[in-house]
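The values are calculated or read from the model by the stated rules, or taken from the named source; none is laboratory data. All values reported here derive from a predicted model rather than from experimental measurement. Ideal geometry is used to build each Cβ from the backbone, glycine not excepted, and the neighbour counts take in all protein chains shown. What goes into the accessible areas is simple: the full protein's heavy atoms, side chains included, and nothing from ligands, DNA or RNA. Shrake-Rupley method; radii C 1.70, N 1.55, O 1.52, S 1.80 Å.
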Amino acid sequence: MANDSLMGVQLDVRPDQQLSATAQVIARHRARDHIKPQLEWGFIKYRHDDHWTIQVGRLLTPVQMDAESRFVGYANTTVRADLSAHSLYPLSNHDGVNITHERMVGDTHLEVVGYAGRASIELPGDRDGKQFFHYRADLVKGIRLSAVNGGLTFKASYTKFDDYVEGTTTNFIKLLLTQSQNAELNGCGSCQRVSQALNNTLTDFGSTLIDIGLRYDFQPYAVWGEYFSNSARESLRSSYHGVVLGGSITRGKWTPYITYGVQKLKKVNAHRISDADLLNPSVSSTQLPAFNQEPLFPSNSARQSWAIGARYEITRNAALKAEMLQVRLQDPTRAYPTPFPKLSLSGEPRSKSFGLYTLALDFVF
């Protein structure tokens with residue numbers, strides 16, 4: 001329950017038609033085992049004219065299709081945003097600037113957003129929530145195009161990151177990097193790519209994320225789909241692509257829905273030390289063999305998921321939702337501990353398939 005529960009407060013100030021300021025604070029369960037409030041948005045907005053707008057401060061990073069409403073449960077049909085797409089880039093905001101150009105072309109509203117800045121987030125380093133690390137992006141830069149015509153919405157984004165991990169849990173990575181570089185000097189041929197992967201993890205993954213989404217509302221039905229793909233330099237991060245599909249029908253106050261998501265492994269970036277090099281004394285006498293161990297350095301978080309649920313509109317500002325989510329990991333021994341890090345007992349193998357049943361009350365006021 002703690003992983004999904006949150007509360008947010010937003011304040012908007014508009015001294016005139018061109019200038020405004022927004023602050024949004026969200027309290028939710030984060031990496032550590034408690035609920036913590038944090039500034040999600042805090043920016044000044046200047047509207048130059050009907051077409052151009054600039055925002056400066058802590059801003060939305062519009063990577064995924066539902067980025068604007070990700071933490072506003074009442075605005076969404078489903079209980080939560082599909083984690084197949086959001087797990088590839090866990091950050092939701094950046095400190096920097098967004099520049100927006102919008103205009104009408106016939107009956108279609110077109111909008112182009114360019115964004116740049118920096119961001120960071122603390123994430124669990126193990127499934128028990130006892131180890132943590134910081135994922136940082138010193139430079140986030142990208143562009144998103146959106147088009148809305150009646151009930152049809154199209155969004156596409158392209159984002160690049162200068163990203164890396166840091167923190168006390170990365171000390172072991174630094175140790176392995178030193179040992180791998182020394183082993184290279186002593187004839188470990190496969191250690192060259194290992195050193196490269198470890199160094200890029202600590203300095204710059206060089207990640208790229210592409211996201212394309214489409215939604216069509218034709219009352220009482222709605223259907224949506226989203227394609228995502230990420231890539232990175234040689235590092236401890238593997239690359240994935242996949243899709244999220246969904247549909248719903250509204251009957252009075254009831255909106256039953258169904259979703260399907262798949263995340264497929266595109267490339268395993270961290271190549272392992274060869275069997276022959278594992279026999280090299282410069283490798284076997286160090287901690288380098290741990291580099292090949294799963295899930296110490298997880299290499300395959302591919303999964304499939306499907307959910308069925310229903311939303312009941314209690315009032316015009318409150319909704320009750322119930323959902324049954326089923327997740328199937330391609331290889332649980334090689335999967336990253338998030339999302340759903342605590343759904344298997346400590347010391348036991350992670351389940352290949354598991355269900356998550358959720359009852360949620362969403363409201364705005």
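Annotations
- Accessible area per residue for the chain, computed on protein heavy atoms with a 1.4 Å probe, is 50 Å².
- Estimated FRET transfer efficiency when R0 is 51 angstrom, pair GLN293-ASP16 (beta carbons, to 0.05): 0.25
- Taking all protein chains together and rolling a 1.4 Å probe, TYR260 ends up with roughly 80 Å² accessible.
- Residue-level accessible surface for LEU175, protein heavy atoms, 1.4 Å, Å²: 70
- Using distinct alpha-carbon pairs, which all enter the 1/r mean, Kirkwood radius of the stretch 207-264 in Å: 13.2
- Annotation for the stretch 197-274: trypsin sites (Lys or Arg not before Pro) lying in DSSP loop with at most 12 further Cβ atoms inside 10 Å of their Cβ are LYS253.
- The stretch 68-174: C-alpha gyration tensor shape, a/c 1.5 cut-off, then a/b vs b/c: oblate
- Segment ALA147-ASP162, length gained on full extension (0.36 nm per residue, minus Cα span): 2.6 nm
- Heavy-atom accessible area, probed at 1.4 angstrom with all protein chains present, ranks HIS86, HIS101 as HIS101, HIS86, highest first.
- Rotationally averaged projected area of the chain (alpha carbon convex hull; nm²): 19.1
- A straight Cα-to-Cα reach below 21 Å connects LYS321 with the lysines LYS253, residues fewer than 8 places away in its own chain not being considered.
- Heavy-atom accessible area for ASP217, with the other protein chains in place and a 1.4 Å probe, reaches approximately 60 Å².
- For a paramagnetic label modelled on LEU245 (point 7 Å from Cα along Cα→Cβ), amide N atoms under 17 Å away belong, within the stretch 300-324, to 303-309.
- When both the stretch 249-265 and the stretch 172-222 are represented by their alpha-carbon centers, they are found 32 Å apart.
- Surface composition of the chain: carbon plus sulfur atoms hold 59% of the accessible area, using a 1.4 angstrom probe and ignoring ligands, DNA and RNA.
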